[in-house]
Amino acid sequence: MRTDRTFTMLKPDSVEKGHVGAILEKITASGFRIVAMKLTQMTSDDAKAFYAVHSERPFYGELVEYMTRGPIIAAILEKNNAMEDFRTLIGATNPADAAEGTIRKLYAASIGENAVHGSDSDENAAIEGAFHFSGREMFCYFRM
Ligand code: DAT
Ligand code: MG
């Protein structure tokens, strides 16, 4: 039996500030298992495509600049109810609104530089995971 998966990125600010270890510790301590992970840097075309849904928003250019300015950690995570539980763990988009103890409350500087990405649906988790990883880079813990 395979459990649910979600996709995350520890964004450039998290890498720059040296928060990768602390954030990964929080993620694994919260019951998520790492299925795939890498340090990588998105090109401008990558970030534009990844965030295409926001292309008409006023912050799109800023978002693409930010997401491409340095390396990120991309990862696929596995847990029962992964997508929803991970959104709870990261907290609200704006760290000012994020609950105490959430990753964004602890590590995000602003709504524009908010430390971490979490997929917003199971469908997008699969699309976003496949954007960054080939099938053979995704570890299988369980037989199907
Ligand atoms: P989330 O990352 O919580 O899913 P989203 O999908 O609405 O949020 O937006 C994607 C990213 O775009 C978000 O993590 C940071 C940036 N963003 C969203 N709203 C913004 C705003 N009002 N000003 C600046 N950046 C924003
Ligand atoms: Mg989103």
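The values are calculated or read from the model by the stated rules, or taken from the named source; none is laboratory data. From a predicted model like this one, the values you see are computed outputs, not experimental measurements. Quick reminder, even Gly has a Cβ in these numbers, built from the backbone with ideal geometry, and neighbours come from all protein chains shown.
General observations
- Sole exception among (1) at pLDDT below 95; (2) farther than 20 Å from Ala125 by Cα for Glu25, by number: (1)
- Every residue from region 70-110 that is assigned to a loop (DSSP other than H, G, I, E, B), within 16 Å of ligand 2 (Cβ to nearest atom) and in contact with a Ser or Thr (Cβ under 6 Å, 6 or more places away or on another chain): Gly91
- Any hit, region 27-41, residues being more than 19 Å from Met138 (Cβ to Cβ) and buried (at least 17 other Cβ atoms within 10 Å of the Cβ): no
- Taking region 60-105 as the range and being crowded, with 16+ Cβ neighbours inside 10 Å, hydrophobic (A, V, I, L, M, F, W, C) and either without any contact (Cβ under 8 Å) to a residue 24 or more places away in the chain or touching a Cys at 6+ places or on another chain (Cβ under 9 Å) (or both) as the test, the residues that pass are Val64, Ala92, Ala98.
- For region 41-59, filtering for residues that are part of a loop (DSSP other than H, G, I, E, B) and either over 23 Å from Glu123 (Cα atoms) or touching a residue at least 60 places away in the same chain (Cβ under 8 Å) (or both) leaves 4.
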